[in-house]
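The values are calculated or read from the model by the stated rules, or taken from the named source; none is laboratory data. In this text, all values refer to a predicted model and were calculated from it rather than measured experimentally. Cβ sites come from the backbone with ideal geometry, for glycine too, and all protein chains shown count toward neighbours.
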Amino acid sequence: MPWPGGRVTPMQEGVAVQLSADDFVQPFAVPALDVRGRLVRLGPEVDRIIRRHGYPASVSRCLAEAVALTALLGTSLKFEGRFILQSQTDGPVSMFVVDFDTPNQIRACARYDKGAVDALAADAKPGALLGRGALAMTIDQGPDMNRYQGVVALDGGSLEDAAHQYFRQSEQIPTFVRLAAAEMLSAGQPAAWRAGGLMVQYLPEGGAAPRDLHPGDAPDPHVDEEEEEDAWREAQVLAATVEDHELTDPSVGSDELLYRLYHERGVRVFEPIDLVERCRCSRERVQDMLANFPPEDVSDMTRPDGAIEVVCEFCSQAYLFQPSELGDGETSA
C-alpha cells in the first residue's frame, strides 16, 4: 500500500518511496520487533524560530535539537494540552524553553551568555553549552487538570542522554532517541537551519501493532524473554546506525530512511502530523498579564515616553500599552 502523506514515486523494491518533505512527524511501527516510533523532519519552521532571534550557530544547533525532541514527545499526546521542554543550567545556554500545543503548534526560545558562547568552538555540542542543571518535561492538560512534570539531571551530556534517562526513570519504557541539527547550504539559496530526530520504543504485549504470523504458523501464547530482549536489541542497533545527515538532509526522504532501517522486518507508517511554528502570545494575553503585575515591575517596562513595552521572548513581537489601558492609570507610577 502507498505510504500515507506526501507524493509517491514508482515502487522501489516493492515499497513506495515518499519524496522528501519538511516540518512533520511520521509515526511508524515495526510489529515484528514490538516497536513503535516517530521520525521528525524540520525545515522552514525551525529555521523561522532561529532566524528571528539571530542566535549564534552553536546555540541555534542546541535549540533546534530541543525543538526536534519536543516534537517527538509532544505529538504523542492523546489529548488537548501542552508539552513543555525547559532547561535550567549553569552553562553558556542557561535556559531554553520549547512549547508544544496540540495537535501541531510549536515555539521556542533560549537565553545565553554571549561571551561564554563565543569562548567555545562554533561547533560546540549541546552538552558543552548546557552544562549542569536540570531538564524538565511538563504535560499540561488545562486548568481543570493537574500538571505532570518529570525532571532529569543535565550533567554535560547530550539531549539524547537526558531523554534516555527520563524514560528510564519516569516512563520505564525502553526508548532510544537520535537527534541532529545543521545549517544547510544549497546553490542559489540562503543558508537554512534544519533538524531531525528518531525515537523508537519497545512496547510489547499489545503496545505495538499486532505481530504478523508467517503462513501456516499458529499463535504461540508463550513469550520468551530472551527473544524479547533480542528484538529490542535489534531495534536499537538498527536505529543507532542513523547518521546526522540522514535526519537533516532534505534529499533523504523519511520513508527512504525508515525503509533502510527496518524493511527486513516490515515497517508500517501512519498518518503524518504536520508541524507549524506559531506563538500563543496576543495583545489581549499580554494586557491581562500586565494587569496582574505589581507596579514596580510595570515601571521597569515603561519607556521614557510613558508607554509600556513588552516583547515576547518567543516570537519577538513588541506590544505597546498606555498606562490607562492597564486599569486605573496609576500602575506606571
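Cβ separations smaller than 9 Å between residues 6+ apart or across chains give the following pairs from the range 294-316 residues that are free of Cβ contacts under 8 Å to residues at least 24 places away in the same chain to residues that are in a loop (DSSP other than H, G, I, E, B) and among the hydrophobic types (A, V, I, L, M, F, W, C): M301/F293; E309/M301. The condition of being surrounded by 13 or more Cβ atoms within 10 Å (Cβ to Cβ) and either assigned by TED's automatic domain parsing to the domain that holds R61 or of a type in the set (D, E) (or both) holds for only one of E183, E171, that being E183.
Of all residues in the range 77-88, at least one satisfies being at pLDDT below 95 and aliphatic (A, V, I, L, M). What residue, of R233, R178, is assigned by TED's automatic domain parsing to the domain that holds F28, modelled with pLDDT of 90 or more, closer than 30 Å to C62 by Cα and surrounded by fewer than 15 Cβ atoms within 10 Å (Cβ to Cβ)? Selected residue: R233, the only one of R233, R178 that is assigned by TED's automatic domain parsing to the domain that holds F28, modelled with pLDDT of 90 or more, closer than 30 Å to C62 by Cα and surrounded by fewer than 15 Cβ atoms within 10 Å (Cβ to Cβ).
Residues that are assigned to a loop (DSSP other than H, G, I, E, B) and either in the same structural domain as L63 (by TED's automatic domain parsing) or over 27 Å from the mean Cα position of the chain (by Cα) (or both) within the range 287-315 comprise N292, F293, P294, M301, R303, P304, D305, G306, A307, listed in sequence order.
Can S20 be described as at pLDDT 90 or above and either farther than 30 Å from C312 by Cα or surrounded by fewer than 17 Cβ atoms within 10 Å (Cβ to Cβ) (or both)? No. Across the range 287-300, the number of residues qualifying as surrounded by 15 or more Cβ atoms within 10 Å (Cβ to Cβ) and farther than 28 Å from D101 by Cα comes to 1. When only residues in the range 244-286 that are free of Cβ contacts under 8 Å to residues at least 40 places away in the same chain and part of a loop (DSSP other than H, G, I, E, B) count, which is surrounded by the most Cβ atoms within 10 Å (Cβ to Cβ)? Among those residues, the one meeting the criterion is C281. For the range 159-166, the condition of being surrounded by 14 or more Cβ atoms within 10 Å (Cβ to Cβ) and modelled with pLDDT under 90 holds for none of the residues.
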